[in-house]
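Below is one structure, written out as structure tokens; comments come after it.
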Amino acid sequence: MRGLSGAAAVVILLSLVLAAGCTSPQPQAGYVTIRSMDVSIPDGQPPSNVTTVVVIPYLDAVYADVGSVDLQVSAKEAGTDIVVAETVLPIGNLTPGKTMKEEVSLVLENGRRYDVWVKVWQGGRMRESGSVNVYLPDRTVIERRLAYSLLSVTALDVMTPDLVADPITLDIVTAITNGGRASSGDLAMEIRVVNLQTGITAVRESRPLGTVAGERATEKQVRVTVPNGYDYEISIRLIEDGAAFATSTGRITLAPPPQVIVAGGAVLDSARSTSPVSLPVPKSTPVGPSSAEVGQFRVQSSGAPMPSQTPGFAAALAVVGLLGAGAALRAGRRR
């Protein structure tokens, strides 16, 4: 009996040792990861409404050689899943200790923000992905000048020499101050006058204003003619070398006042005001960043394999251990 009990104990101990060895982590399978990523915007690109962006990911193999690696680089509208450009490259095999560098060019529209995504696929399974936010400023010729911020509008009035004339003449008078030492660029005023009773655009044109000397203030005047007896909305846009620096919209009332008929058929007609009409002083047009902005690359998801185990063999050994324990228990009862 003692021999049987000792044998059972030996079986139990051996089973536990083997089970512990089989459930311990096995050597990791090789997989691929993104070590880091750069975004480059090459200099010397001519003015255009698009920009070439070069995405440079650095890929590493971890633990062992990996094969069937593909690289997917895409640009999405910032904060959305709308893909505007995408490239997929077969990479092939990677070896641990040797970082692979790839360069992928994407042509993107200016004046917008993008999320540039990099995904690494191994054997048809996505192993790791990450993104970086990129802003591309407008690089068209018309938007290249940024010095217009030195100009400010201090007053804007609409006046008329004869309030009852038909058609009526409207003088748009703008006071502009140049805060810089150098003379401003060529100025222009884009004008749009809409008849509020009919919805018809009465005036739509652009007028040159010349320049404003450095550290000086001056008044610029533009004259338009429209039919009298209506109300109008006047929108102006002030331009320097093709770039807008201020806008304003206001209304003027030229419609005849209501007539009041009193006893005896007499008609009372309110007199029209001959005071100048003021429009809101334009505010500077908001300007986006003048250069490209690139955020920090962030890994969004990782598909690294977990430590592997052999649960089937471990389960079999556990059964052997239980049988040994049962044999030991029976032996004890016989004693």
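The values are calculated or read from the model by the stated rules, or taken from the named source; none is laboratory data. The structure displayed is predicted, hence computed values, not measured ones. All Cβ positions, even for glycine, are placed from backbone atoms using ideal geometry, and neighbour counts span all protein chains on display.
Miscellaneous remarks
- Of all residues in the range 196-212, those being modelled with pLDDT of 90 or more and more than 16 Å from R237 (Cα to Cα) number 2.
- Subset of the range 28-64 [of a type in the set (G, A, S), under 24 Å from the mean Cα position of the chain (by Cα) and over 12 Å from S105 (Cα atoms)]: S36, G44, S48
- Of the residues making up the range 100-125, those that are closer than 14 Å to V32 by Cβ, at pLDDT 90 or above and over 19 Å from the mean Cα position of the chain (by Cα) are M100, K101, E102, K119, V120, W121.
- Residue tally, condition of a type outside the set (G, A, S) and closer than 17 Å to I41 by Cβ, over the range 58-86: 2
- Among the conditions (1) in a strand (DSSP E or B); (2) at pLDDT 90 or above; (3) among the β-branched types (V, I, T), the only one that T154 does not satisfy is (2).
- Residue that is farthest from R139 (Cα to Cα) [pool: residues in the range 49-83 that are touching a Lys or Arg at 6+ places or on another chain (Cβ under 6 Å) and assigned to a strand (DSSP E or B)]: D60
- Residues satisfying the stated conditions in the range 217-229, i.e. outside any strand (DSSP E or B) and at pLDDT 90 or above: P227, N228
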